[in-house]
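The values are calculated or read from the model by the stated rules, or taken from the named source; none is laboratory data. Keep in mind the model is a prediction, meaning the values are calculated, not measured. When we count neighbours, we look across all protein chains shown, and the Cβ atoms used for this are built from the backbone with ideal geometry, even at glycine.
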Amino acid sequence: MKLWHCKDARSLRPLWALEEMGIEYELEILPFPPRFLAPGYNETNILGTVPYYVDGDTHMTESSAICHYLVEKHGHPELGVAIDHPEYGSFLNWLYHSDATLTFPQTLVMRYYHLEPTPEKQAVAQDYAKWYFARLKMLDQHLLEHEYLCDNRFTVADIAVGYALYLGRALNLSDVVDRAYCPQTEAYLNRLVERPAFQRAASMVE
Ligand SMILES: N[C@@H](CCC(=O)N[C@@H](CS)C(=O)NCC(=O)O)C(=O)O
C-alpha cells in the first residue's frame, strides 16, 4: 500500500494510524500545495489533494475514511469499535465529525488568513475561526468525563479528532480570535501528541 502525504496536512491522520499499527507501507512526501508544486501529482490524484492512498485496486482520498479502512481491512480491531458495540454509532460520528465539522472551518482560516490575506478575507477567516471554537463544544463536554472518545481507550477516532486539534494549534487559531482550548481539550491534545507513533509521523519530511 502507498500513501501520499504533505507535512502537517490531513494525510497525517492515516500516516499516524499506519505508525500506530506498525504496518509496512510506502510513503511519498510532497511539497504543499501538491497541486502546484508536485509536477505530475494531478495525474495520480485528479483532486490534487492529500491524502491519496492506494491499496491494490482501492484508491482513497478521505483521511478519516482511510483510518477506518485500515482498522477493518488490515485487522486492527484494537484501534476501532466493532459494529455490535454500543458505541459503534458514536465511533462513526466522531470519525465524520473530525473532518466535516472540525477541519472544514480550519481550512478556510488557513486559506483566507494565512495564504491569501486581504482585510476582507481575514475578516471571513476570523468568523470561521470563531465557528471552529464553537464547534468544539461537543468534544469539550465529552472530555470533561472521558480520557478518550470511545470505549475508554485510544482508537482511530482519537487520531481523526486529535489531528483537527493539532491543526488548530499549528494554525495559531487561538491568536486569530483570542480564544483558547478548554483545559481538558488542551490536556487531551497534549496526551495524544506525546504518543511515539504521532511523533514519528509528524516528524517525517520530504
Ligand atoms: N476531506 C479530505 C480533504 C483533503 C484535503 O483537502 N487536503 C488538503 C490538505 S489538508 C489539500 O490537499 N489541499 C491542497 C489543495 O486543495 O490543493 C480529507 O479529509 O482528507
Conditions: (1) modelled with pLDDT under 95; (2) in a loop (DSSP other than H, G, I, E, B); (3) not hydroxyl-bearing (Ser, Thr, Tyr). Residue 106 meets all but one. Number of the miss?
(2)
Failed item, numbered, when residue 200 is tested on (1) in the same structural domain as residue 122 (by TED's automatic domain parsing); (2) in a helix (DSSP H, G or I):
(1)
Restricting to the range 113-139, count the residues that are surrounded by fewer than 21 Cβ atoms within 10 Å (Cβ to Cβ) and within 16 Å of the ligand (Cβ to nearest atom).
4
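Table: residues versus (1) modelled with pLDDT of 95 or more; (2) more than 16 Å from the ligand (Cβ to nearest atom); (3) small (Gly, Ala, Ser).
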site: 22; (1), (2), (3): yes, yes, yes
site: 41; (1), (2), (3): yes, no, no
site: 58; (1), (2), (3): yes, no, no
site: 67; (1), (2), (3): yes, no, no
site: 74; (1), (2), (3): yes, yes, no
site: 85; (1), (2), (3): yes, yes, no
site: 92; (1), (2), (3): yes, no, no
site: 97; (1), (2), (3): yes, no, no
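β-branched (Val, Ile, Thr) and more than 16 Å from the ligand (Cβ to nearest atom) - does that describe any residue in the range 158-170?
Keep residues of the range 158-170 that are β-branched (Val, Ile, Thr), which gives 159, 161.
When the remaining residues are screened for being more than 16 Å from the ligand (Cβ to nearest atom), the result is none.
Looking for residues that are β-branched (Val, Ile, Thr) and more than 16 Å from the ligand (Cβ to nearest atom), one finds none in the range 158-170, hence no.
In the range 56-97, how many residues are aromatic (Phe, Trp, Tyr) and closer than 17 Å to residue 23 by Cβ? Write out each step before concluding.
So the first thing to find is which residues in the range 56-97 are aromatic (Phe, Trp, Tyr), and the list is 69, 88, 91, 94, 96.
Right, trim to closer than 17 Å to residue 23 by Cβ and you get 69.
Summing the residues that are aromatic (Phe, Trp, Tyr) and closer than 17 Å to residue 23 by Cβ in the range 56-97 gives 1.
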Can you tell me which residue among 34, 39 is closer than 22 Å to residue 104 by Cβ and of a type outside the set (A, V, I, L, M, F, W, C)?
34
Pairs please, first residue from the range 176-193 and under 17 Å from residue 157 (Cβ atoms), second anywhere and among the hydroxyl-bearing types (Ser, Thr, Tyr) and in a helix (DSSP H, G or I), Cβ atoms under 9 Å, 6+ apart in sequence or on different chains.
189/166; 192/163; 192/166; 193/166
